[in-house]
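Here's the structure we're looking at; comments come further down.
Computed from the coordinates by the stated procedures, all read-outs in this text should not be read as laboratory data. Please read all numbers here as calculations on a predicted model, not as lab measurements. FYI the Cβ positions are ideal-geometry reconstructions off the backbone, even for glycines, and counts take in every protein chain you see.
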Amino acid sequence: MKKLLVVSFVAIFGLLAIFQSTNGSSMATSEAAARVPLDNYIQGHATGNGDFMRKAFHTDAKIMAFRDGKLMNMTAEEFASRFNGKPAADEAQRKRRIENVEITGNAGVGKIVLEYPAVTSTDYMSLLKVGDEWKIVNKVFYAEPKAKP
């Protein structure tokens, strides 16, 4: 009886370890896939190429924030069309990073920080797996001006 109990515990812990390893691997794969549109978004900013934005955003996505105290709302295409195909003149001074990504099933969020000479922008992206690929479905952001020296 004691042997059966020990064998049962070993089997249960072994199955749990396998499940945890498989589940962790699946979560890492999902997070990596969900980072693709965020990376495209960063590439769009770095290159000035709106096609990266078109790849990053779902066609029905909305971008919202306050600008000059008024709520700004634009479509993904309106946002992408703001990119002229050339990097910003001060591109060498700009830094961008994905601060975090959280995924649950086919939904998630990403936080991106853009450090520019005059402003720090924090973008919050709602992510959704559409078919076989992840897309940004909504973006809200806050732009904080930096103090002038």
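What the table shows:
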read-out: Which numbered condition Val137 misses (of (1) out of contact with any Leu (no Cβ under 6 Å at 6 or more places or on another chain); (2) within 20 Å of Asn73 (Cβ to Cβ)); value: (1)
read-out: Top-ranked residue of the range 46-65 - restricted to ones that are under 18 Å from Glu144 (Cα atoms) and touching a Phe, Trp or Tyr at 6+ places or on another chain (Cβ under 8 Å), ranked as surrounded by the fewest Cβ atoms within 10 Å (Cβ to Cβ); value: Ala65
read-out: Residue in the range 110-119 that is touching a helix residue (DSSP H, G or I) at 6+ places or on another chain (Cβ under 6 Å) and loosely packed, with under 15 Cβ neighbours inside 10 Å present; value: yes
read-out: Residue tally, condition assigned to a loop (DSSP other than H, G, I, E, B) and more than 20 Å from Lys146 (Cα to Cα), over the range 75-129; value: 9
read-out: Scan of the range 86-138 for residues that are without any contact (Cβ under 8 Å) to a residue 40 or more places away in the chain and of a type in the set (Gly, Ala, Ser), ordered by number; value: Ala89, Ala92, Gly105, Ala107, Ala118, Ser121, Ser126, Gly131
read-out: Among the candidates Tyr41, Tyr142, residue that is in contact (Cβ under 8 Å) with a residue 40 or more places away in the chain, in a strand (DSSP E or B) and hydroxyl-bearing (Ser, Thr, Tyr); value: Tyr142
read-out: The lone exception for Asn106 - which of (1) closer than 21 Å to Ala34 by Cβ; (2) surrounded by 15 or more Cβ atoms within 10 Å (Cβ to Cβ) it fails; value: (2)
read-out: Filter pass, Phe57 being touching a residue at least 60 places away in the same chain (Cβ under 8 Å) and under 20 Å from the mean Cα position of the chain (by Cα); value: yes
